[in-house]
Amino acid sequence: MNSVGGESTGTDEPGWEVDPDDEQGVAVVAAVGRQLKLWREAAGMRAAEFGAALGYGEDLVYKVEGGKRIPRPEYLERADELLGAGGKIAAMAADVAAVRYPKKVRELAKLEERAVEVALYSNHNIHGLLQTSEYAQALLGTRRPSLSQDDIERAVAARMARRAIFERDPAPELSFVQEEVTLRRPIGGSMVLRHQLEHLLELRQLRNVEIQVMPTKHEGHPGTGGLIEVLKFGDGSAVGRSDGAFSGRPVTDPRQLRILELRYAIIRAEALTSRESLAFIEQVLGET
């Protein structure tokens, strides 16, 4: 079983399987693997010896060198020190980081990096950008068919990396509307939910972040179709997506975007105000 901290147990630590459909990822990881093998062989070390010196299993060494496993930064750092590469191996961490997460997540992260304004409505779960690692892991653990621990760990890491959007300068304007039920469903248990609610309150203190709550008592609103996302960019372009519109695919056509923006605007107007939402979250936290 993989450990989140990346410390070896002599098993398949520390990396993730390569998605064969991710052409860019396959190419990068294969190139890094070849370089690692060349450095190891030039040092006159067998795979088993090299793995033992690093603290990892021989099988993991072969998988990394064969481009079948994505190495984590600590693997590359230890290899660099052991092989005396003078930073040349450790420097490959930047290339690996570019393909470390699934292609779909990487594409989404690139959009979020460019966005100057983001509008997000969630009606089933706390939105991924707002999730704590505990909540994300528990939530992904409910998937059926079940995800492997390796897949869960990779997905959690990807979500945590996307939280860099909160640290950007200049900061984008971020607007979230959460359905009340998402704040009450105890994903992972009461303590995980408590920590998640506390995290929402912390994020709410950021001047560029607004979190509103849509009460369940509302008889109807245009968000019943599911998640809505609209990201606007500095050049005036935008991209949006909704579970309940356009087959769930991303759209950039102004007419289609207008529909999503209209739905979100109504949801936001009917939700509790920012101040009322803050008090509501504090109330739910007190009840948890």
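The values are calculated or read from the model by the stated rules, or taken from the named source; none is laboratory data. Worth saying up front: this structure is predicted, and the values here are computed from it rather than measured. FYI the Cβ positions are ideal-geometry reconstructions off the backbone, even for glycines, and counts take in every protein chain you see.
A few points about this structure:
- V213 vs. criteria modelled with pLDDT of 95 or more, within 21 Å of R114 (Cα to Cα) and either surrounded by 13 or more Cβ atoms within 10 Å (Cβ to Cβ) or not assigned by TED's automatic domain parsing to the domain that holds R185 (or both): no
- The set of residues in segment 166-180 being part of a helix (DSSP H, G or I) and either at pLDDT 95 or above or polar (S, T, N, Q) (or both) consists of F166, E180.
- Filtered residue count, segment 232-264, keeping only those that are closer than 25 Å to E180 by Cβ and either of a type in the set (V, I, T) or within 26 Å of the chain's Cα centre (by Cα) (or both): 12
- Of the residues making up segment 127-149, those that are surrounded by fewer than 18 Cβ atoms within 10 Å (Cβ to Cβ) and part of a helix (DSSP H, G or I) are S133, Q149.
- Being within 22 Å of P102 (Cβ to Cβ), out of contact with any helix residue (DSSP H, G or I) (no Cβ under 7 Å at 6 or more places or on another chain) and assigned by TED's automatic domain parsing to the domain that holds Q131 is a description that does not apply to G240.
- Within the option set R100, R154, R168, being farther than 30 Å from R34 by Cβ, in contact (Cβ under 8 Å) with a residue 24 or more places away in the chain and out of contact with any helix residue (DSSP H, G or I) (no Cβ under 7 Å at 6 or more places or on another chain) holds for one residue only, R168.
- Test: Y101 is under 20 Å from G240 (Cβ atoms) and either among the aromatic types (F, W, Y) or touching a Cys at 6+ places or on another chain (Cβ under 8 Å) (or both): no
Residue-by-condition table, conditions (1) in contact (Cβ under 8 Å) with a residue 12 or more places away in the chain; (2) surrounded by 14 or more Cβ atoms within 10 Å (Cβ to Cβ); (3) within 20 Å of L129 (Cβ to Cβ):
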| site | (1), (2), (3) |
| --- | --- |
| V177 | yes, yes, yes |
| V181 | yes, no, yes |
| G188 | yes, yes, yes |
| L197 | yes, yes, yes |
| L206 | yes, no, yes |
| G220 | no, no, no |
| G234 | yes, no, yes |
| S242 | yes, yes, yes |
| T252 | yes, no, no |
